[in-house]
Amino acid sequence: MEVITQATAEQAVKLVSCLIEDRVKVKPDAVLGLATGRTMERVYAQLAMSAVSFKECTTFNLDEYIGLPSNDTQSYRHYMWEHFFSKVDIDIQNTFVPDGQATDLQQAATDFENAIDTAGGIDTQLLGIGVAGHIGFNEPLSSIMSRTRDKCLTPKTREQNAAMFGGDANKVPKRALTMGVGTILQARELILLATGSAKADIVARAVEGPITSMVSASSIQLHPNCKVIVDEEAAGCLQGREYYDFVFANEPEWERYR
Ligand code: F6R
């Protein structure tokens, strides 16, 4: 794992979008794993301005609320359309979001996993982190081997996402269909982005704490190709900061991004 701290959220976002652009330049038909949430809005805004073509890309989103119609403005399918898909040249047929409206959620989860396999697996998976330690909607006690399935959201997560539901946590759906931790770990590369002081404690627990299903984001420590990109505020509780900065300043692979 590498942890890269940028001075501002804007710079952290810029670095993440540069990495994604570069992956697509090298492999125009890249399979991208995508995340939603407020942190990612700026990444998509940046990517939408880039000259890179997403025409041949396939995308898989991490999660979707259960029970919200895809045209509901709070659904993640709608979020993706609004922030990204409608702004770039991607073929909408090649964009996959878990089907939170399915009558048979287990079948929808299996279909989603099969679609990832058919696409050849995810090349680069973008991740945010929730204050409850989740990646995707893998709430505490999510098995590190879990696959796509429905999951009950924690009160903390519903509180975190209340802003998108008029500030009322009770309006946030109680359940979601989410890629599993095991599904996420199968991607060939993980890029986790966190910004702001509210994420400082959970970022440190994910990066430096014990690997535990209580903090599903800590499972990224098991991944051989994982980059964590944070701003100063989100880096606030990291103990090993000096070394992480030294790696970023000296590793040749980061030269063009410094
Ligand atoms: C959403 C997702 C979540 C978010 C996380 C951070 O698809 O997978 O794990 O990335 O909850 O959300 P924000 O950026 O709103 O703090």
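The values are calculated or read from the model by the stated rules, or taken from the named source; none is laboratory data. Everything numeric in this text was worked out from a predicted model, so none of it was measured. Because the Cβ atoms are built from the backbone with ideal geometry, glycine has one as well, and the counts that use them run over all protein chains shown. In case anyone asks, the SASA skips ligands and DNA or RNA and just uses the protein heavy atoms, side chains included. Shrake-Rupley method; radii C 1.70, N 1.55, O 1.52, S 1.80 Å.
What are the residues in the range 137-152 that are out of contact with any helix residue (DSSP H, G or I) (no Cβ under 6 Å at 6 or more places or on another chain) and farther than 16 Å from ARG38 by Cβ, if any?
GLU139, PRO140, LEU141, SER143, LYS151, CYS152
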Every residue in the range 140-155 that is touching a Gly at 6+ places or on another chain (Cβ under 8 Å) and closer than 13 Å to VAL215 by Cα, please.
PRO140, SER142, SER143, ILE144
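Which residue, of ALA249, ALA234, is within 12 Å of the ligand (Cβ to nearest atom), under 23 Å from VAL3 (Cα atoms) and at pLDDT 95 or above?
Just a single option satisfies the conditions, and that option is ALA234.
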Residue within the range 194-206 that is closer than 30 Å to ALA108 by Cβ and touching a Leu at 6+ places or on another chain (Cβ under 6 Å) present
no
Just one listed residue, out of ASN94, ASN61, is within 11 Å of the ligand (Cβ to nearest atom), in contact with a Ser or Thr (Cβ under 9 Å, 6 or more places away or on another chain) and among the polar types (S, T, N, Q), and it is ASN61
Is it the case that the range 34-51 has a residue that's more than 16 Å from the ligand (Cβ to nearest atom), in contact (Cβ under 8 Å) with a residue 24 or more places away in the chain and under 16 Å from ILE191 (Cβ atoms)?
yes
Check the range 59-67 and report whether any residue there is open to solvent by 60 Å² or more (accessible area, probe 1.4 Å) and either in contact with a helix residue (DSSP H, G or I) (Cβ under 9 Å, 6 or more places away or on another chain) or of a type in the set (Asp, Glu) (or both).
no
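A quick yes/no check of all residues on (1) in contact (Cβ under 8 Å) with a residue 24 or more places away in the chain; (2) within 30 Å of GLY240 (Cα to Cα); (3) not acidic (Asp, Glu):
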{"residue": "ASN114", "(1), (2), (3)": "no, no, yes"}
{"residue": "ASP117", "(1), (2), (3)": "no, no, no"}
{"residue": "ILE122", "(1), (2), (3)": "yes, yes, yes"}
{"residue": "GLY130", "(1), (2), (3)": "yes, yes, yes"}
{"residue": "GLU139", "(1), (2), (3)": "yes, yes, no"}
{"residue": "ARG158", "(1), (2), (3)": "no, no, yes"}
{"residue": "PHE165", "(1), (2), (3)": "yes, no, yes"}
{"residue": "ALA176", "(1), (2), (3)": "yes, no, yes"}
{"residue": "ASP201", "(1), (2), (3)": "yes, yes, no"}
Would you mind telling me which numbered condition in (1) under 15 Å from the mean Cα position of the chain (by Cα); (2) surrounded by fewer than 23 Cβ atoms within 10 Å (Cβ to Cβ); (3) not aliphatic (A, V, I, L, M) PRO224 fails?
(1)
Verdict on THR212 being over 19 Å from CYS18 (Cβ atoms), within 20 Å of the chain's Cα centre (by Cα) and open to solvent by less than 30 Å² (accessible area, probe 1.4 Å)
no
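Taking into account only those residues within the range 32-55 that are open to solvent by less than 40 Å² (accessible area, probe 1.4 Å) and over 14 Å from the mean Cα position of the chain (by Cα), which is farthest from THR73 (Cα to Cα)? Show your work before the answer.
Of all residues in the range 32-55, those open to solvent by less than 40 Å² (accessible area, probe 1.4 Å) come to 32-37, 39-40, 43-44, 47-48, 50, 52, 54.
If we keep only those that are over 14 Å from the mean Cα position of the chain (by Cα) as well, we get 47-48, 50, 52, 54.
Numbers: LEU47: 21, ALA48: 20, SER50: 25, VAL52: 27, PHE54: 24 Å.
The selected residue is VAL52.
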Give me a count of the residues in the range 210-248 that are more than 16 Å from ALA12 (Cβ to Cβ), part of a helix (DSSP H, G or I) and not polar (S, T, N, Q).
7
Return the residues of the range 150-167 that are of a type outside the set (A, V, I, L, M) and open to solvent by 50 Å² or more (accessible area, probe 1.4 Å); say none if nothing qualifies.
ASP150, CYS152, PRO155, LYS156, GLU159, GLY166, GLY167
